[in-house]
């Protein structure tokens, strides 16, 4: 077993190789991120590692015999086989050339939730307001719900170079840290619950298990590349729709084996409701998958109506060429003023949509929505929208022509939109309470496990 300071070095993102100079008949293996080589594999270890720093323990005669083969590599001699991680890491870094030291150092902030009884952290790739797709906005609202319930919350984003070191959104603190620094922070914080999704799902779930925390995986789709994260063994899975859970249950045993909740992406109507309807026929996210070509075809078919396109956080954005009746604006953090106050009809011709938060946000203002009938959009919009196949452009143009002007058809669609929005708001209130209670139970279970461990000691 590698000593603790080496395992922590590996967890911090350093590449660590250990040559066990005690003779044993074993094969090379990885232990807690450390590549362990038996003495007989010494030459292979040297070639694989190409070491930048060699560490030996004073008095290790086997190591002394190997040193002549590594004369050009800086060497660090430890007085004994135990070391403080921080001092050890800094001592190793000082052996490197000056231009490599800054990159090798990891700056870890103090615990931002020090003093909080319950600590819930989220480790994700992107976050609002710099990336504002459905996954990011859903997680933000769920973390805000935990904060409003009196829990200490923190969101750490590790793949968003455009973000500052720290910021806050609606009272939820965010940090931008690289993966190495984030892992070290979580190890020092010791949160009770870790929430994750997408790129960091498996890594965060494994880390939670190492530090004795509970893990929650948010599932935003039924794609296999996302579903594989369930195999990491989270303590709870939150599905964003009934249909996603049902679709995955047919293919993955983990669905029935793992405690779960359904939390539809929360949308607070008051935060999106515009005072008056605009005049634009709008599409949010100008990618092919989101239906930009259906939107463009409708704009060409209805040259007398103004169309608005809003660039999205994901996908290749097709913003040109623009007809005279088409206008494009960048992604915005103020959807109410910049989008919903300008919109008269919303188009959602997505080829795949696990839920469809933009459509639900539009319902809050009574904006008629026309959508492609994906399972997610049907579950989200219900009888509050008009559903038409995305390839039937003539029918889309005809529906826009019916819903755009004032009259009985538009009034009926507006009433249906507002009624659906009220229904979703009531359901959101219930689901957020269940979410908060579920996280609280996970936290209590983590505390009981910690106390049991202390009692055993």
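Bear in mind that the values in this text are calculations on the coordinates, not laboratory data. These numbers were taken from a predicted model, which means no experiment stands behind them. Here the Cβ is made from the backbone with ideal geometry for all residues, glycine too, and neighbour counts use every protein chain on show.
Ranked highest first by average number of other Cβ atoms within 10 Å, how do 319-327, 199-207 line up?
Order by mean packing, descending: 199-207, 319-327.
Please list 434-446, 158-170 highest first by mean number of surrounding beta-carbon atoms within 10 Å per residue.
434-446, 158-170
For the chain, what is the calculated [θ] at 222 nm in deg cm²/dmol (nearest 500), taking -39500 (n - 2.57) for each run of four or more DSSP H residues and dividing by its residue count?
When only DSSP H runs of four or more count, the value is -12000 deg cm²/dmol.
If you take the beta carbon distance between residue 422 and residue 228 as r and set R0 to 60 Å, what does 1/(1 + (r/R0)^6) give as a FRET efficiency, to the nearest 0.05?
Step by step, r from the Cβ atoms, then E = 0.95.
Could you line up 332, 196 from fewest to most neighbouring Cβ atoms inside 10 Å?
332, 196
If the chain between residue 98 and residue 249 were fully stretched, how many nm would it gain, using 0.36 nm times the residue separation less the Cα-Cα distance?
49.0 nm
For the stretch 93-248, report the % of Cα-Cα distances exceeding 24 Å.
33 percent
Within 10 Å of each residue's Cβ, count the other Cβ atoms and sort 262, 118 from fewest upward.
So the residues, fewest neighbours to most, are 262, 118.
Taking the simple approach of a point 7 Å from Cα along Cα-to-Cβ for both residue 209 and residue 352, what is their distance in nm?
Going from the residue 209 label point to the residue 352 one covers 2.7 nm.
Step by step: find N for the stretch 266-346, compute 2.2 N^0.38 Å, then divide the Cα radius of gyration by it. What's the final number?
1.07
Binning every alpha carbon pair distance of the stretch 196-280 at 10 Å from zero, what are the percents per bin?
Histogram of Cα-Cα distances, whole percents per bin: 17, 43, 20, 13, 7, 1.
Under the Kirkwood approximation applied to all pairs of distinct alpha-carbon atoms, what is the hydrodynamic radius of the stretch 269-423 in Å?
So the Kirkwood estimate lands at 15.0 Å.
Note down the nm distance, to one decimal, between modelled labels 7 Å out along Cα→Cβ at residue 320 and at residue 43.
Taking the simple label geometry, residue 320 and residue 43 are separated by 6.1 nm.
Taking a virtual spin label 7 Å from the Cα of residue 300 along the C-beta vector, which residues in the stretch 365-404 bring their backbone nitrogen under 20 Å of it?
389-401
I'd like the distance separating the alpha-carbon centroids of the stretch 332-411 and the stretch 180-204, in whole Å.
With the stretch 332-411 and the stretch 180-204 each reduced to a Cα centre, they are spaced 37 Å.
Mind jotting down the distance between the C-alpha centroids of the stretch 132-179 and the stretch 35-94, whole Å?
Taking the Cα centre of the stretch 132-179 as reference, the centre of the stretch 35-94 is 40 Å away.
Along each principal axis of its Cα atoms, how long is the stretch 4-104 end to end? Whole angstroms, biggest number first, please.
39, 29, 26
If we count other beta carbons within 10 Å of each Cβ, what is the order of 290, 433, 46, fewest first?
Least to most surrounded, the residues fall as 433, 46, 290.
What's the percent breakdown of Cα-Cα distances in the stretch 120-182 across 10 Å bins, shortest bin first?
Over the stretch 120-182, the share of Cα pairs per 10 Å bin runs 24, 59, 17, 0 percent.
Can you compute the FRET efficiency between residue 391 and residue 52 using 1/(1 + (r/R0)^6), with r the Cβ-Cβ distance and R0 = 56 Å? Round to the nearest 0.05.
It comes to 0.45.
Could you tell me how many degrees, from 0 to 90 and to the nearest 10, lie between the Cα long axis of helix 134-148 and the main elongation axis, the longest principal axis, of the Cα atoms of the chain?
Approximately 80 degrees, to the nearest 10.
How large is the Kirkwood hydrodynamic radius of the stretch 152-192, in angstrom, based on all distinct alpha carbon pairs?
By the Kirkwood definition, the hydrodynamic radius is 10.8 Å.
Scan (1) 18; (2) 36; (3) 27 for the value of percent of Cα pairs over 39 Å apart calculated from this model and give just the label.
Matching entry in (1) 18; (2) 36; (3) 27: (2).
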